[in-house]
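The values are calculated or read from the model by the stated rules, or taken from the named source; none is laboratory data. The structure presented is a predicted model; accordingly, all values stated were derived computationally and were not measured. Here the Cβ positions follow ideal geometry from the backbone for every residue, glycine too, while neighbour counts run over all protein chains shown. Side chains included, ligands, DNA and RNA excluded: accessible areas come from the protein's heavy atoms. Shrake-Rupley method; radii C 1.70, N 1.55, O 1.52, S 1.80 Å.
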Amino acid sequence: MYILSKQQIVMLMNGLVEGQSIRSVERVTGVHRDTIMRWMVRVADSCKSVHDQVIRKASVRRVQADEMWSYIAKKNNMFEFTGGVVSGYKGAAWVFIAMDADNKVVLSYAVGSRDQDTAYTFLTDLRERINGEFQLTTDGFT
């Protein structure tokens, strides 16, 4: 069994963070794309855990929130995203993001469809992470 070193894992993640595709990272590093994707999920799970522990009772004055369209595995699908992102889902998805406008720290995020349910889940999570009053700036998505 071949074990990746910490330096190799950091190189894989740096490539992905810099915008390289998985296949591009595969070509540059010689590490198979399945291994890259496994490490990507493992690192993402760790980042989520750290984010959930650290971003609590934040004191912020101004929060900027927006949503952006993306896709999982394939762009063109015949159906709109419904429900949670589960293993095997392919198609369109929206990512809602809230950031501290002064420090550029991601305070909260949610993945789902561009609807009231996802927006409510997102804003509820945001409210739980912030201590006190704050100004919320959005693009006016109803």
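Key figures for this structure:
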item	result
Tilt relative to the chain, helix 116-129 - C-alpha long axis, 0 to 90 degrees, to 10	80
Length gained when the stretch residue 45-residue 115 is fully extended (0.36 nm per residue, less Cα-Cα span)	22.7 nm
Principal-axis tilt of helix 6-17 within the chain, Cα atoms, nearest 10 degrees	50
Per residue solvent-accessible surface (Å²) - the chain, probe of 1.4 Å	70
Rounded percent of accessible protein surface that carbon and sulfur make up, the chain, 1.4 Å probe	55
Long-range amide H partners of residue 58 with built H, under 5 Å	130, 131
Per-residue ³J(HN,Hα) for the stretch 24-40, Karplus 6.51 cos²θ - 1.76 cosθ + 1.60, θ = phi - 60°, Hz, x for Gly and Pro	5, 4, 4, 5, 6, 9, x, 8, 4, 4, 5, 5, 4, 5, 4, 5, 4
Mean separation of Cα contacts under 8 Å, 6 or more apart, over the residue count of the chain: relative contact order %	22
Lysine pairs in the chain with Cα atoms under 18 Å, if 8 or more residues apart or on separate chains	5
Karplus 3J(HN,Hα) series, Hz, for the stretch 48-62 with 6.51 cos²θ - 1.76 cosθ + 1.60 (x for Gly, Pro)	4, 4, 5, 4, 5, 7, 7, 8, 9, 6, 6, 9, 10, 9, 10
Overall form of the chain per C-alpha gyration tensor (a/c, 1.5; a/b vs b/c)	oblate
Estimated dipole of the chain in Debye, rounded to 20 [Cβ of Lys and Arg +1, of Asp and Glu -1, Cα centre]	520
